[in-house]
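See below for the structure under consideration.
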Amino acid sequence: RLLENVRREALERALWDDPFGVEIKVKDGVVTLTGQLDRRSLIAPAKQHVREIDGVVDVVDRLTYAFDDTVTAPGPWR
């Protein structure tokens, strides 16, 4: 049941990402997320949404990303 909640609430509803691109394992309330999200900026919210689900006691992050959208482009050269 916790596995279903994590998949539905954290990945499908909150992040609008492909929930099948992320493997979710649950053991004794510890949720392990493994796989690749499209953007790096989605990782922190994914972990936060999972932490907020009733029954989750910890989150192990093994997520990667395809595109780093957290890096700012350098300014114009002067």
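The simple spin-label model puts a point 7 Å past each Cα toward its Cβ; for PHE67 and GLN48 those points are separated by 2.1 nm. Extension gain, ASP28-LEU3: 0.36 nm per intervening residue step, less the Cα-Cα distance, totals 7.9 nm. Solvent exposure of the range 22-69, expressed per residue, is 61 Å² of accessible area, with all protein chains present and a 1.4 angstrom probe.
Of all chymotrypsin sites (Phe, Trp or Tyr not before Pro) in the range 35-78, which ones are in loop regions per DSSP and have a Cβ with at most 13 other Cβ atoms within 10 Å? For chymotrypsin sites (Phe, Trp or Tyr not before Pro) across the range 35-78 that sit outside H, G, I, E and B with at most 13 neighbouring Cβ atoms in 10 Å, the list reads TRP77.
The values are calculated or read from the model by the stated rules, or taken from the named source; none is laboratory data. As the structure is a prediction and not an experimental result, all values here were calculated from the model. Every residue, glycine among them, receives a Cβ derived from its backbone with ideal geometry; neighbour counts consider all protein chains shown. With ligands, DNA and RNA removed, areas are computed over all heavy atoms of the protein, side chains included. Shrake-Rupley method; radii C 1.70, N 1.55, O 1.52, S 1.80 Å.
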